[in-house]
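These notes are about the structure you will find just below.
The values are calculated or read from the model by the stated rules, or taken from the named source; none is laboratory data. Remember, it's a predicted structure, so these values are computed and weren't measured experimentally. Heads up, the Cβs are rebuilt from the backbone with ideal geometry, glycines too, and the neighbour counts pull from every protein chain shown. Only protein heavy atoms, including side chains, enter the accessible area calculation; ligands, DNA and RNA are left aside. Shrake-Rupley method; radii C 1.70, N 1.55, O 1.52, S 1.80 Å.
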Amino acid sequence: MRRWILSWEKQNPDWHVDFNDDQDCLALVSDVFPEHLDTYMALNPVERSDFWRVLVLLHHGGLYSDADTICRKPLSSWIDPRDEAVIGIDGDYLNKFPNWQPTGHVASGGAYNLDLWWRDNIVAFSNWTFAFKPGHEILAETARRIAINAHDPFFTRDHPDWTIKKTGPGVLTDVIYDWLAERGHSAPDLVRHLRKERSILIDGVRFVDRPALHRREVKHFGMGSWKPMSIVVAWRKLSRHWQ
């Protein structure tokens, strides 16, 4: 993973690349967002990571990327200085569930359908690589909803393992669904356009197609180190992608 992290420095010598450990993350929340400290401490480690990445960009701005990613092209080649945010497509289930309808909503507002094997929205936006200007409203709303989800019995009692929806790309997606709707757009229509175009700019936010953050500009290996797996399986997956 050190080699992967170095790719960001090599491709972007004009950027400052910062690596944060658990203590760094805790210090940011304590010093800058004390109102969220109790929520942060109530989360498990991977949920804290989800929350922190939202808060650090909300405060500083810039680009966040997981440690299991490689930067394949300089950021200057695919991020315009005028962009207020750059967001990628993580999942596209439009063809598999063309008639998807929600069967319920969590307290923070996000939709779900527990009757299907894919329970969440049929479009998912990435939180493992994204860029935002400081103070962006999408991040502020995501932080607000994570704070609600952290104490919602739907997650703490009924679905304690649904981290993706509670603090991860699921809650970010919920926010973006509403953000798009307020501007007369829908996430499914956006994805249909991104099947033909590399990016679309809406109200300062650049949405990039699925290949952008999966292999073209960024390669995401998806190690899933937070998921339960044996060290042998983890190592085999790691070594297969070693570069």
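Using 0.36 nm per residue and subtracting the Cα-Cα separation, the extra length available between His193 and Glu35 on full extension is 53.0 nm. Label point 7 Å out from Leu26 along Cα-to-Cβ: which residues of the stretch 49-72 have amide N under 14 Å? Correct set: 49.
A helix-only calculation puts the chain at -11000 deg cm²/dmol for mean residue ellipticity at 222 nm, using -39500 (n - 2.57) for each DSSP H run of at least four residues, averaged over all residues.
Among Ala147, Ala212, Ala181, the largest mean-square fluctuation in a Gaussian network model of the chain (Cα springs under 10 Å) belongs to Ala181. For the stretch 1-44, the equivalent ellipsoid built from the Cα gyration tensor has semi-axes of 29, 12, 7 Å, listed from largest to smallest. The length gained on full extension between Thr103 and Glu182, counted as 0.36 nm times the residue separation minus their Cα-Cα distance, comes to 26.3 nm. Hydrophobic, long helices, defined as DSSP H runs whose alpha-carbon span along the helix axis is 24 Å or greater and whose mean Kyte-Doolittle value is at least 0.0, do not occur in the chain. Under 11 Å from the Cβ of Pro74, count the other residues' Cβ atoms, weight Lys and Arg +1, Asp and Glu -1, and hand me the total. Spelling it out: positives minus negatives among the neighbours equals +1. Each distinct pair of alpha carbons in the chain adds a 1/r term; the inverse of their mean, the Kirkwood radius, is 18.7 Å. For the chain, the longest piece that avoids every one of the chymotrypsin sites (Phe, Trp or Tyr not before Pro) found in DSSP loops with at most 10 other C-beta atoms within 10 Å covers 118-241. Summing +1 for each Lys or Arg and -1 for each Asp or Glu among the other residues whose beta-carbon sits under 13 angstrom from that of Gly110 gives 0. Over the chain, accessible surface divided per residue gives 52 Å², non-protein components excluded, 1.4 Å probe.
For the stretch 145-186, the pair-distance distribution built from all alpha carbon pairs, in bins 10 Å wide starting at 0, is 31, 43, 23, 4 percent.
Residues in the stretch 196-216 near a label at Ala140, defined as backbone nitrogen under 20 Å from the 7 Å Cα→Cβ point? Correct set: 202-206. The mean of 1/r over all pairs of different alpha-carbon atoms in the stretch 1-134, once inverted, gives a Kirkwood hydrodynamic radius of 17.2 Å. For the stretch 93-126 and the stretch 1-49, compute the distance between their C-alpha centroids and round to whole Å. Measuring centre to centre over Cα atoms gives 29 Å.
Model label sites at Arg72 and Leu114, defined 7 Å from Cα along the beta-carbon direction, differ in position by 3.9 nm.
For the chain, which whole percent of the accessible surface, found with a 1.4 angstrom probe, sits on carbon and sulfur atoms? Ligands and nucleic acids excluded, carbon and sulfur reach 51 percent. For the chain, a Gaussian network of Cα nodes joined below 10 Å ranks Pro153, Pro134, Pro169 by mean-square fluctuation, and the top entry is Pro153.
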